[in-house]
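Taken together, the values in this text are just the output of simple stated rules run on the coordinates, not laboratory data. No experiment lies behind these values; they were computed from the predicted model shown. Neighbour counts are summed over all protein chains in view; Cβ atoms, including those assigned to glycine, are modelled from backbone coordinates with ideal geometry.
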Amino acid sequence: MSSKEMPRPKPGVMDIAAYVPGRETVEGVAKVYKLSSNESPFGPSPKVAEALAAKKIDLALYPDGASHELREAIAKTYGLNPGNILCGNGSDELLGLLCHTYLGPGDEGLFTEHGFLVYKIQIMAAGATPVAVPDVELTADVDAILAAVTEKTKLVFLANPNNPTGTYLPVNEVRRLHAGLPGHVILVLDAAYAEYVRRNDYEAGIELVSGNPNVVMTRTFSKIHGLAGLRIGWMYAHEAIIDACNRVRGPFNVNALAIAAGVAAIADRAHVDRAIEHNDVWLGRISEAVEAMGLSVTPSVGNFVLIHFPTTPGKTAADADAYLGSRGFVLRRVAGYGLPDALRLTIGDEEANLGVLDALESFMA
Ligand SMILES: *Cc1c(COP(=O)(O)O)cnc(C)c1O
């Protein structure tokens, strides 16, 4: 076969830099603390295993293609209409679904300079043009985003709080961003870390969606609910957006175990509260301890911190990553996010947190 006859992906696909997940293992190290993917140190609620055992789900049957039970459980928890909710195989699927539903060649999708990488990947996968907007102090800049909007812009992605920076925009800034967008532009508020935020001026986006046909909020069960392995996400939006996305999505995009697990997880408020409480304590402790070592930490409202390293040979982010890895602590390199001198550290359980602080201290000494 000559190369002329080879199948070719559509234009743009081969320009995509594939997503690289956080490492799980280190060669030659037996016990590893995975602090690279912002998973919950608490894991899922024990109610999840109970529900799965009690339900005797028949794996031979297709799941409910409309995720009715899960949408109703989410709606009840947040006081929403289930008709405005769409569930997905992780919120990543929903971010992609929005791109495939609203973007085509010639359209532009906006995201912030140090924003979550999935946006750029999915914008490009839809054949559209990705537009990165500069941040100010590792924080989304509303004026810069608005200045980048053109008549070709169809989607604006904002992770709030953002991963990997941990920074957030207060609700008045999000409202100002929305107010400045033309009506044909959808503002996607990715609130994957909303539960962790303890700031009076923060809002995940429910109010903004409720009052506007061009705002979407996405949420996930992967972080606070400790269910990353099952892949459950949901979005809240105007019926017209839900209707359009329902036409494009796979007919059984959420599996039967995920639906049952999600229903059980969201009902266990105490489990969520424990995870929030633990994170609040350790986010502060870790941030202070790392700064006391002479490293700078971007103030975070999520379940992770971004640590900045010097460029001095022997003390760089790459050196730290190698050293911490050899001690069994796996952090996330974030060069792909334009942050070559930083590492992202997920808040773990007490043992992992104390251990990684100890290892970092030795590295810096
Ligand atoms: C982890 C994360 C998600 C969640 O993705 P899932 O597909 O639901 O696991 C979404 N957005 C951001 C910014 C994240 O960091």
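Normalising by the residue count of the chain, find the relative contact order in percent from Cα pairs under 8 Å and 6+ residues apart.
24 percent
Do the alpha carbons of any pairs in Lys31/Lys120; Lys76/Lys223; Lys55/Lys76; Lys47/Lys223 sit beyond 25 Å of each other, and which pairs?
With Cα atoms farther than 25 Å apart: Lys31/Lys120.
Who wins for biggest fluctuation among Leu52, Leu86, Leu103 in a Gaussian network model of the chain, springs between alpha carbons below 10 Å?
Maximum among the listed residues: Leu52.
At a Cα cut-off below 22 Å, give the lysines reachable from Lys315, other chains included and same-chain residues fewer than 8 away excluded.
Qualifying lysines at Cα under 22 Å: Lys34.
Mind checking which aspartates and glutamates have their C-alpha under 12 Å from Lys152, skipping anything on the same chain fewer than 8 residues away?
Those aspartates and glutamates meeting the cut-off are Asp107, Glu108.
Thr25 to Asp243: extension gain in nm, 0.36 nm per residue of separation minus the Cα-Cα distance?
Result: 74.3 nm gained on full extension.
Using Cα-only point scatterers and the Debye equation, what is log10 of I(q)/I(0) for segment 236-336 at each q in 0.14, 0.15, 0.19, 0.23 Å⁻¹, rounded to two decimals?
Results for segment 236-336 at q = 0.14, 0.15, 0.19, 0.23 Å⁻¹ read -0.84, -0.88, -1.00, -1.20.
With an 8 Å cut-off on Cα pairs and a minimum separation of 6 or more residues, tell me the relative contact order of segment 194-270 in percent.
It comes to 25 percent, rounded to a whole number.
Which of the GluC sites (Glu not before Pro) across segment 1-84 are loop residues per DSSP, with 14 or fewer other Cβ within 10 Å?
Listed in order of number, the matching sites are Glu24, Glu27.
Given springs between every Cα pair under 10 Å in a Gaussian network model of the chain, which of Asp268, Asp64, Asp15 has the largest fluctuation?
Asp15
Using Cα-only point scatterers and the Debye equation, what is log10 of I(q)/I(0) for the chain at each q in 0.07, 0.09, 0.11, 0.12 Å⁻¹, rounded to two decimals?
-0.31, -0.52, -0.79, -0.93
Sorting check: for 209-222, 166-179, 351-364, which peptide has the highest mean count of neighbouring beta carbons within 10 Å, and how do the rest follow?
209-222, 166-179, 351-364
Scan around Phe329 for amide H atoms under 5 Å from its own, H built in the peptide plane at 1.01 Å from N, and keep only partners 5 or more places away or cross-chain.
Under 5 Å from the amide H of Phe329: Tyr33.
Given only helices, namely DSSP H runs of n ≥ 4 each adding -39500 (n - 2.57), what is the per-residue ellipticity at 222 nm of the chain, to the nearest 500 deg cm²/dmol?
-11500 deg cm²/dmol
How about segment 1-45: which chymotrypsin sites (Phe, Trp or Tyr not before Pro) there are in a DSSP loop, with at most 13 other Cβ atoms within 10 Å of their Cβ?
Passing both the DSSP loop test and the Cβ count: Tyr19.
Taking 0.36 nm per residue of separation and subtracting the Cα-Cα distance, what length does fully extending Glu72 through Ser326 add?
The Glu72-Ser326 span can extend by a further 86.8 nm.
Taking only Cα atoms and a 10 Å spring cutoff, compute GNM fluctuations for the chain and point out the largest among Val149, Val197, Val32.
In the Gaussian network model the winner is Val32.
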